[in-house]
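Novice: Got a structure for you, written out below as structure tokens; questions coming shortly.
Where a number appears in this text, it was derived from the coordinates with a stated rule and is not lab data. All values derive from a computational prediction rather than experimental measurement. Positions of Cβ are generated from backbone atoms using ideal geometry, with glycine treated the same way; all protein chains shown enter the neighbour counts.
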Amino acid sequence: MDNRMKYVATLLLCFTASIAIAKGDTADSRQSGQPNFVIILADDLGYGDVGFTGSTQIKTPHIDALAKDGVIFEQGYVSAPVCGPSRAGLMTGRNQVNFGFDNNPNKNLPQFNKDYLGLPVGETTLADRLGELGYVNGLIGKWHLGDEAHFRPTRRGFHEIWTYPIGGHDYFRSEPDGEGYLSPLESNYKTPDPISYLTDDTGDESVDFIRRHRDGPFFLYASFNAPHGPLQATVEDLELHADIQDTRRRTYAAMVHRLDLNIGKITNELKRLNLYEDTVIVFLSDNGGPVGNNHAWTVNAPLRGAKGILLEGGIRVPFTMTWPKKIKRGSSYDHPVSALDLVPTFVALAGGQTGPEDKLDGVNIFPYLQGSEAGRPHDQMKWRFTISASIREGDWKLVRLPDRLPMLYNLSDDIAELNNVADQHRERVVRMLKTLGDWDVSAPHVLYLEGDKYRRIQVDLYDREYQLNQP
């Protein structure tokens, strides 16, 4: 080999090595015992619309199999009742109110600076933390944490992305110059293929990511748009649910069915590659199921409430964790846990550390699952969203609204929050209201607000009647 060829070969080797190091994909980067991580996030999924939470109308065998292979969190919460803030909490392990991300980003209000419409650049993401520990991180699907360049996932710790720029998308098509739900797909590792059906494409891209990075360690954030609107399903799936009379409910059921099939693709690929036993898989929804103007197409039974409010139906979600190598199959955990807990839990399992300087609101829940740590992971939880705020202490939950006295419920015997017992526990109400208010005034200003029309909608949702039984 002459000197020129040796020089070119050396350049190629250096270039290849630099890519591997940047992605944490060197052979010796994987510490002993590091598992892979997969977060499967559904969007606007009703609490009662999967098999393991009681659905008989919608069949979800692949989701149920995940639950059976791991632990079901009977009281699993997200940190907000809508997409953006909930995802901001999940990705940082910090209650998003503590950095001003209270609302969904809204470009239509001119008084707010678009450069602040997203996850603040000073916040550290789960992908940032895992990248430092040698992980290759992939986002497949919805982001919704800011559209401007400095908010994009490639600048927030993700090495590979396949996504769309705003908080949702049409399921069948995009346009080269399209906007909103017709925006073109974006990827930094391929030219995206035309959309076949968005849920199928998200599943296929997730499987391809696993194949490419099978040697690990990897973190896959499989962030499905389904079953978020627009309500669009394949003809095949609609025919499977022809017995459901309500057209919106039928379409929604078909969308959940297709979501379940694609979750099956992911788990089956992990099994085929002999990765399933040593992969931590978390399944959850970003918030509760929404309701329509006349009646709901989602079912949050046995919970009252829905997307957008802080009753249980808005913030308690189907939530499982599967790791066959370490978590007992068929188990359940009955103390409250939060999506905020995923950051410290994953970092600890990957061999890293978090401390007080990180100001995390989540905790490492794995010792609680293993039984080495007693008690509850959280003695207290707090939420704030537009017109409402809430605090949970033990089994007691207080909800504060602008047009009425605070409401108090004991969730141990009133999961549907039907019996407001505030009048019977005045001292408790005063104490919890003071704690909630102290948090309120200590939090930073919100970065932006949602449109004012939602305030009226959300107040009215607290007075609505909800379906508390399976259809």
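Novice: Report, by residue number, each residue of the stretch 331-361 that is of a type in the set (Val, Ile, Thr) and either free of Cβ contacts under 8 Å to residues at least 12 places away in the same chain or touching a Ser or Thr at 6+ places or on another chain (Cβ under 9 Å) (or both).
Specialist: 343, 347, listed by residue number.
Novice: To continue, here is another question. So, residue 300, is that one over 30 Å from residue 392 (Cα atoms) and assigned to a loop (DSSP other than H, G, I, E, B) or not?
Specialist: No.
Novice: Oh, and also: Tell me yes or no: at least one residue of the stretch 127-137 is part of a loop (DSSP other than H, G, I, E, B) and in contact with a strand residue (DSSP E or B) (Cβ under 9 Å, 6 or more places away or on another chain).
Specialist: Yes: one or more hits.
Novice: Test residue 233 against the criterion of being in a loop (DSSP other than H, G, I, E, B), small (Gly, Ala, Ser), surrounded by 21 or more Cβ atoms within 10 Å (Cβ to Cβ) and in contact with a strand residue (DSSP E or B) (Cβ under 7 Å, 6 or more places away or on another chain), and give yes or no.
Specialist: no
Novice: Of everything in the stretch 398-429 that's in a strand (DSSP E or B) and without any contact (Cβ under 8 Å) to a residue 24 or more places away in the chain, which residue is nearest to residue 336 (Cα to Cα)?
Specialist: The residue in question is 410.
Novice: Another question, if that's okay. In this structure, does residue 170 turn out to be crowded, with 18+ Cβ neighbours inside 10 Å, touching a residue at least 60 places away in the same chain (Cβ under 8 Å) and either more than 19 Å from residue 153 (Cα to Cα) or of a type outside the set (Ser, Thr, Tyr) (or both)?
Specialist: yes
Novice: Which residue is surrounded by the fewest Cβ atoms within 10 Å (Cβ to Cβ), if the candidates are limited to the stretch 53-105 and must be hydroxyl-bearing (Ser, Thr, Tyr) and not in a strand (DSSP E or B)?
Specialist: Looking at residues that are hydroxyl-bearing (Ser, Thr, Tyr) and not in a strand (DSSP E or B), I get 56.
Novice: Can you name the number of the only condition in (1) among the small types (Gly, Ala, Ser); (2) surrounded by 15 or more Cβ atoms within 10 Å (Cβ to Cβ); (3) within 22 Å of residue 285 (Cα to Cα); (4) within 21 Å of the chain's Cα centre (by Cα) that residue 332 fails?
Specialist: Residue 332 satisfies every listed condition except (2).
Novice: Here is a further query. How many of the residues in the stretch 383-397 are outside any strand (DSSP E or B) and surrounded by fewer than 18 Cβ atoms within 10 Å (Cβ to Cβ)?
Specialist: Here the count works out to 2.
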